[in-house]
Each structure stands twice: as structure tokens, then as C-alpha cells.
1. Please count how many residues of region 79-99 are in a loop (DSSP other than H, G, I, E, B), touching a strand residue (DSSP E or B) at 6+ places or on another chain (Cβ under 6 Å) and either over 17 Å from Gln46 (Cβ atoms) or at pLDDT below 75 (or both).
2. Could you list, ordered by first residue, the pairs with Cβ atoms under 6 Å in which the first is in region 148-174 and more than 19 Å from Gly71 (Cβ to Cβ) and the second is at pLDDT below 85 and open to solvent by 30 Å² or more (accessible area, probe 1.4 Å), at least 6 apart or interchain?
3. Taking the condition of being in a loop (DSSP other than H, G, I, E, B), modelled with pLDDT under 80 and either out of contact with any helix residue (DSSP H, G or I) (no Cβ under 7 Å at 6 or more places or on another chain) or crowded, with 21+ Cβ neighbours inside 10 Å (or both), how many residues in region 191-243 meet it?
4. Filter region 105-129 down to the residues that are of a type in the set (Val, Ile, Thr) and either part of a strand (DSSP E or B) or surrounded by 22 or more Cβ atoms within 10 Å (Cβ to Cβ) (or both) and list them by number.
5. So is Lys186 more than 27 Å from Leu17 (Cβ to Cβ), of a type outside the set (A, V, I, L, M) and touching a Gly at 6+ places or on another chain (Cβ under 7 Å) or not?
Amino acid sequence: FAKLHLEAQSHNHRILLLTEPLESAACEASDDDLEDIQSKLIRELQFPAAIKKTPDFDELKDCNNWLYLGGSCNGLICAVFESKRIFIWNPTIGEAKELAKLSDFDPKDTFFYGLGYDSSTDDYKIVRISRSSTATASNETQVEVLALKSNIWRRIQGPQHGIELGGPDYGIFLHGALHWFATISKTGSKSTYGIFAFDIVKENFYELVLMPDHLEEIKYDTLTLGVSGDSLCLFCGRGYEDFLEAWVLKEYGIKSSWTKLFSVEKGVEYGYEYTENVLCYTKSGKVLIDYDGRVLMWYDPKENTSKTFSPRNHWDWFLPSFIKGGGGAGDDDNTIQCKPDEGVFEQDFNKVF
């Protein structure tokens, strides 16, 4: 099943909206599509039965943070319910399966998750990284891994001393590894800022690449990490910054290969009353932006024009995960995914285990 999942070639990028009813939105949109977003870009989905059976589902789905995204890969989503129960979920076919329970934790701790594909075993792995709120050393960072076929959590070696992950909340999967922003501190040297990775096959951490020079001092909460084809990319200007720019890492792990895609000043047309989070940069050159889970905007940085969509029902936030077909390394799909899923394939969901 896993290999078939990877071979799907539908090139259909969508984001999952945590609304009632559940919906997804297409990322790529023509000018004609944007004149009728509801009928041409929005698709209604269903919550899977396994999650619906969770106690207090009807009450909790109307609350903030009841469902936490723990990563996405090949059309599958890792979903953490109430920070206690964990599911693997395929929103396209509407099925989910509960996995082994998470270990006890302190709610004050900082958590990072990730979902990736292990090509050596044809299996998927979920990673959970936890750091105590009082931690003073990297050895106080705990890392657990679960392979879907075994459905058992294992404790493994954490990142080396001096590494502190800074987001996103779940790792971006590319080239067999999960990626996060990180602060890198070395004895006798000034702290640097870059991208840190976890190899899904070898189950070890490594320093990948530093930020572009002028971005090294920028706070993580203004950055968004993503993927463009088979390259990492980042957006700078999230939140209340006065500008928005995008960079792509053309050669994996090579700092000098950071290349700027665009840089624009946020004007009146772009401004909105809520904090924004960039989701993707499409082949047609539009930027898809989430405004605090209340509004989606398709923004054209070249023309400085935009179209917005608000859901037809009340919602508090949305799950910015992609439901995507194909898109393996080297394909010609140029959509930048900030929360990537690749390769939806409608087979018997239970075969993934």
C-alpha cells in the first residue's frame, strides 16, 4: 500500500479546513475559479468514524485545540486528539485508525511531531519530540518514534547538545527526513539559526543548513517552512511584519543556493485584521494565506490583488494540511507546500498497517 501511495500522480493540492461540515480547498486557482470559490474550489468531506467514536466528540469539535496536527505525508495525516490519543487519517477516503496511546506528559512541555515515510521498510513513522518547560540542556529533550507496522512507541537518542527546535510544530518531510527551524549554540561561538533535520531511516538528527544571511536574526514566529517540488523553501513576513518574501533552497544543504522568489511590501489590499500564515505559493504565482483560521486569501504579489473566502459556517481555526497527489522528487509541480501531503491513493486503508 505504501509504495502504491507514493506512485499516485494526480497532482491535486488541497488544504484541509477544520469546519463543520469538514471541507477542503484547492490551492491552485484560475481567475475564473476565484470568481466562484465556494462551488469551484471547496469540497465537503466527512470526519472518519474512528474519530467520531472518541468520547465527547460532538462537544469537543467546537472547541479550540481539540485536534492537533502531528504531521502529514503522502496523503496521510497524523492527528492528536486532546493531546492524549493519536490517529493516522486519510481525509480523502474518510478513514482513520487509532494508534498506541501516547505516554504521559506535562502539558507545560513543548512538543514537536512529524510523520514520514521509511523507504527501507516500506512503512510510515511518527516522531514525537518533547522538551520540558524547565529544561536547560538538550539531553532533557525526549524523542519517541512509532512505526505503523509495529504500533509501538520507542525512546531514541535526542538531538545533540546545543540544539533547540523552534518550529514549525510538526516537521516538514522531504528527502527522507523531517525538518524544523532551530537555534544552534556552540561553545565559544554566537548562536546561529538554521534548519535541523531528522533522518526517518537512520533515526538520527543532523544540522542541514543555515538561514539566508539577512534572515538569521529574524524571529521564528515570522517564518514559515515549506517545500517546492524537491526543494525546501521558506516564507518570511508572517504576522505583523511590513513585508512578505519567499526563498527556495535549490541545492539541499547548501547555504549559498538560497534563492529569493519574490519580495513585496504589504499594502492596503494585502492587509487584514487578523494575523496571517502563508500556506503555499502556486504555479500561477499566487500566495495562499490563512488569516487566523477565519479567512483564506489567494494573493497575487505581482499584481498586488487578492480574493478571499470565508466558510459558510462558524469555525475557530483550520488544519493547514495538504491532500495532494503525486509530487515526488523531481516532478514538474512547482506548488510550494508549507504543510505537505503527497500522493493520495484510494486503496484499502488498513493495508497501511
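The values are calculated or read from the model by the stated rules, or taken from the named source; none is laboratory data. Small disclaimer: the values here were computed from a predicted structure and weren't measured. All Cβ positions, glycine included, derive from the backbone under ideal geometry; neighbour counts span all protein chains shown. Ligands, DNA and RNA are stripped out before the accessible areas are found, and what is left, the full protein with its side chains, is counted by its heavy atoms. Shrake-Rupley method; radii C 1.70, N 1.55, O 1.52, S 1.80 Å.
1. Here is the first cut: in region 79-99, the ones in a loop (DSSP other than H, G, I, E, B) are 82-84, 91-94, 99.
So of that shortlist, the ones also touching a strand residue (DSSP E or B) at 6+ places or on another chain (Cβ under 6 Å) come out as 91-92, 99.
Remaining after also requiring either over 17 Å from Gln46 (Cβ atoms) or at pLDDT below 75 (or both): 99.
Matching residues across region 79-99 total 1.
2. Every condition considered, the pairs that remain are Gly162/Ser185; Gly162/Lys186.
3. Our first condition is that a residue be in a loop (DSSP other than H, G, I, E, B); within region 191-243, this holds for 191, 200-203, 211-212, 216-219, 229-230, 237-242.
Okay, now just the ones that are also modelled with pLDDT under 80, so 216-219, 229, 237-242.
Okay, now just the ones that are also either out of contact with any helix residue (DSSP H, G or I) (no Cβ under 7 Å at 6 or more places or on another chain) or crowded, with 21+ Cβ neighbours inside 10 Å (or both), so 216-219, 229, 237, 240, 242.
Summing the residues that are in a loop (DSSP other than H, G, I, E, B), modelled with pLDDT under 80 and either out of contact with any helix residue (DSSP H, G or I) (no Cβ under 7 Å at 6 or more places or on another chain) or crowded, with 21+ Cβ neighbours inside 10 Å (or both) in region 191-243 gives 8.
4. Filtering region 105-129 for residues of a type in the set (Val, Ile, Thr) gives 110, 121, 126-127, 129.
Of everything in region 105-129, those that are of a type in the set (Val, Ile, Thr) and either part of a strand (DSSP E or B) or surrounded by 22 or more Cβ atoms within 10 Å (Cβ to Cβ) (or both) turn out to be Thr110, Ile126, Val127, Ile129.
5. Details: more than 27 Å from Leu17 (Cβ to Cβ): yes; of a type outside the set (A, V, I, L, M): yes; touching a Gly at 6+ places or on another chain (Cβ under 7 Å): yes.
For Lys186, the condition - more than 27 Å from Leu17 (Cβ to Cβ), of a type outside the set (A, V, I, L, M) and touching a Gly at 6+ places or on another chain (Cβ under 7 Å) - is met.
Residue-by-condition table, conditions (1) farther than 15 Å from Leu232 by Cβ; (2) within 23 Å of the chain's Cα centre (by Cα):
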| residue | (1), (2) |
| --- | --- |
| Asn151 | yes, yes |
| Gln157 | yes, no |
| Ile172 | no, yes |
| Phe196 | no, yes |
| Lys202 | yes, yes |
